[in-house]
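Student: Right, I'll just put the structure down here and ask away after.
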Amino acid sequence: MRTVTGVWRWRRNPLCRRTDLVEAWVALAALACLVLLAPAAGALAGLRVDRTLQAAVREQAADRVMVHAVVVRPLAAPPPGAAATDVAARRQSPAPAQVLAAWTAPDGTRHSGTLAAGERAEPLRTGQDVPLWTDGHGRIVPRPLDSGTAVAHAALAGIAAAAVVAALAETLRRLVLRRLTHRRYAQLDRAWASVGPDWGRTGAGS
């Protein structure tokens with residue numbers, strides 16, 4: 001911003017070089033990207049991601065149902081056919097306890113399967129109810145996405161998009177500024193090469 005205001009103030013000064021004007025316009029364009037383009041890109045990206053995720057929220061809410069599974073028995077022993085190395089690894093680093101559970105799907109069919117007890121304060125006991133998310137046919141599915149999480153993810157996507165646009169604008173500005181600096185040094189070298197040999201001879205009578 002200081003570059004833009006400074007060059008605009010001294011734009012008619014004879015010492016103002018063309019590269020200075022180019023630098024000012026590049027800085028102005030980068031500032032416009034930071035103030036206008038980056039927020040717009042972030043808003044568009046956030047809205048688009050939010051629209052997609054909210055559709056997924058509605059779809060999962062309609063397709064996934066919470067049922068209550070009943071613990072049939074714990075599964076403390078390794079499954080049949082497990083390798084000896086797997087058994088030793090389980091003993092050294094125990095995996096989360098697993099249980100055999102049964103549940104009724106929303107369509108009325110009966111299902112059973114292995115459930116991980118997870119990090120619970122108390123182990124699951126036989127006959128205990130366990131909440132479980134399934135689809136309409138009783139297949140176990142992850143917990144459905146909620147609207148608040150979708151909004152948070154969309155906001156993060158918008159912030160990331162705005163940051164990328166801002167970073168690209170600043171990177172391009174720095175690249176152009178570096179090129180302009182090299183050009184200034186080259187011009188200075190050429191000017192010095194043309195007047196350097198005669199520097200200080202004016203008025204010396206030589």
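Every number here is computed from the coordinates shown, using simple stated rules; none is lab data. Every value quoted in this text rests on a predicted model; they were computed, and no experiment measured them. Glycine also receives a Cβ, built like all others from the backbone with ideal geometry; neighbour counts cover every protein chain displayed.
Student: Per residue of the stretch 45-55, in order, report the coupling 6.51 cos²θ - 1.76 cosθ + 1.60 (Karplus, θ = phi - 60°) as ³J(HN,Hα) in whole Hz, putting x for Gly and Pro.
Tutor: Result, ordered by residue: 5, x, 5, 5, 5, 5, 5, 5, 5, 5, 5 Hz.
Student: What spacing in nm lies between the two simple spin-label points modelled at Gln98 and Val72, each 7 Å away from Cα in the Cβ direction?
Tutor: Reported label-point gap for Gln98 and Val72 is 1.4 nm.
Student: Still on this structure: Round to the nearest 0.05 the FRET efficiency obtained for Ala61 and Thr171 when R0 = 35 Å and r is the Cβ-Cβ distance. The partial results should precede the final answer.
Tutor: Numbers: r = 42 Å, r/R0 = 1.20.
My answer for the efficiency is 0.25.
Student: How far apart, in nm, are the 7 Å Cα→Cβ label points at Thr19 and Val164?
Tutor: Going by the 7 Å Cα→Cβ label model, 3.4 nm.
Student: Here is a follow-up. Just to check I understand the Karplus step: with θ = phi - 60° and J = 6.51 cos²θ - 1.76 cosθ + 1.60, what whole-Hz values come out for the stretch 152-166, glycine and proline as x?
Tutor: Whole-Hz 3J(HN,Hα) from phi for the stretch 152-166: 4, 5, 5, 5, 5, 5, x, 5, 5, 5, 5, 5, 5, 4, 5.
Student: Pull out the extension gain between Arg48 and His182, defined as 0.36 nm times the separation in residues minus the alpha carbon to alpha carbon distance; nm, one decimal. Don't skip to the end; give the middle numbers.
Tutor: Values: separation 134, 0.36 × 134 = 48.24 nm, distance 4.21 nm.
The span from Arg48 to His182 would gain 44.0 nm if fully extended.
Student: 7 Å from Cα along Cα→Cβ at both Ala29 and Ala155: what's the point-to-point distance in nm?
Tutor: Once both label points are built, they end up 3.5 nm from each other.
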